[in-house]
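K.L.:
Got a structure here, written out as structure tokens. Questions coming.
Coordinate-derived values only; no laboratory data. Quantities reported herein were computed from a predicted structural model and do not represent experimental measurements. Please note: Cβ atoms are built from the backbone with ideal geometry, for glycine as well, and neighbour counts cover all protein chains shown.
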Amino acid sequence: MHPVIPIWVTIPIVVANIIIPAVAWLVFQKVARRSARELVVPSFLFFALWVVAGFVLTARGFFVGSAANSVPRIVYSMVPLTIGYLAYLSLRSVRNVVDQIPLPSMIALQFYRALGFVFLVEWMLGALPGAFALPAGIGDIAVGLAAPFVAARLKAGEPGARKSAIWWNVFGIADLVIAVTMGVTTTPGPFHLFALDNPNYAIIMMPLVLVPVIAVPFSILLHFIGLHRLVGHTKPVAFGMRQAA
């Protein structure tokens, strides 16, 4: 089956999955050059290999596979997420660099999640089952559109902004967990439970497969780091003129 993916949907997805990790690295290396120059090259290799491997594997149809193994292969996309978060937790130099990046900026970056509207478009075109597209699309749009407002409140140090940021991160993770769960259970494979009459082939094919391979683990990584920074402090952190309560 070859789902209908318009070119105006393909281009934003492909471009976003290149630009977003690139922007993250550019910000990281800018900070690293001031305090940990030894991380510039390793971080570039990490982000570059993540994106290149994702594109190469998807182009070669690695994540399509057969009905028995297509979904389990998606698990490989969690490898860079695991490496990135473990590096943040275990390497002081990495943590010091990341923690110098303004948290409001990290939150605002996830405005890209509003691109989840493509799931709704593909559902209306019949390429995606509603059981996956509706919760994934609506959830991503909500998280993406809320990101700039949450970031602005945190930067300004408004009362309750820190708690709002924590809940935004929790909701963002929950949205991704639901999306991944529905993606797995609507896609041909050993866990196919829903959308039996309209299987979710599009999510394991280019270009939509780039979302669970690159965008989803990257978003989870940002949420984990964000929660770690928000909850890990015993006192409110001042990001603007006042402290976020």
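K.L.:
Which of the trypsin sites (Lys or Arg not before Pro) found in segment 17-66 are loop residues per DSSP with 13 or fewer other Cβ atoms within 10 Å of their Cβ?
P.N.:
Numbers: sites: K30, R33, R34, R37, R60; in loops: R60.
Passing sites in segment 17-66 are R60.
K.L.:
With only Lys, Arg, Asp and Glu charged, each at its Cβ (+1 for the first two, -1 for the last two), find how big the charge dipole of the chain is about the Cα centre; round to the nearest 20 debye.
P.N.:
Numbers: 16 positive and 7 negative charges, 220 e Å.
Taking the Cα centre of the chain as origin, the dipole is about 1060 debye.
K.L.:
While we're looking at this one, here's another question. Between I18 and K30, what is the label-to-label distance in nm when each label sits 7 Å out along the Cα-to-Cβ direction?
P.N.:
Calculated label separation equals 2.1 nm.
K.L.:
If you don't mind, another one. Can you give the direction-averaged projected area of the convex hull of the alpha-carbon atoms in the chain, in nm²? Write down the numbers at each step before the final one.
P.N.:
Values: hull surface 51.9 nm².
Hull-based average projected area comes out at 13.0 nm².
K.L.:
So between V52 and L125, what do we pick up on full extension, going 0.36 nm a residue minus the alpha carbon distance?
P.N.:
Details: separation 73, 0.36 × 73 = 26.28 nm, distance 2.95 nm.
Going from the current span to full extension adds 23.3 nm.
K.L.:
How high is the relative contact order of segment 7-231, in percent, with contacts defined as C-alpha pairs under 8 Å that are six or more residues apart? Don't skip to the end; give the middle numbers.
P.N.:
Details: 277 pairs, mean separation 62.5, N = 225.
Over segment 7-231, the number comes to 28 percent.
K.L.:
Right, next: What is the order of M106, M124, fewest Cβ neighbours within 10 Å to most? Could the numbers behind the result be given before it?
P.N.:
Details: M106 19, M124 11.
Going from sparsest to densest Cβ surroundings: M124, M106.
K.L.:
Would segment 72-179 count as rounded, prolate or oblate if I go by the C-alpha gyration tensor, calling it rounded below 1.5 in a/c and otherwise prolate when a/b exceeds b/c, oblate otherwise? If you can, show how the numbers build up before the last one.
P.N.:
On the way: a/c = 2.70, a/b = 1.34, b/c = 2.02.
Cα axes put segment 72-179 in the oblate bin.
K.L.:
Along the charge dipole of the chain, pointing to its positive end and built from +1/-1 on Cβ of Lys, Arg, Asp and Glu, which listed residue (V40, G139, H223) has its Cα farthest out?
P.N.:
Looking along the dipole axis, the top candidate is V40.
K.L.:
Can you give the extra length, in nm with one decimal, that the chain gains between F117 and R37 once fully stretched, where that is 0.36 nm per residue apart less the Cα-Cα distance?
P.N.:
Working: separation 80, 0.36 × 80 = 28.80 nm, distance 3.87 nm.
Additional length available on full extension: 24.9 nm.
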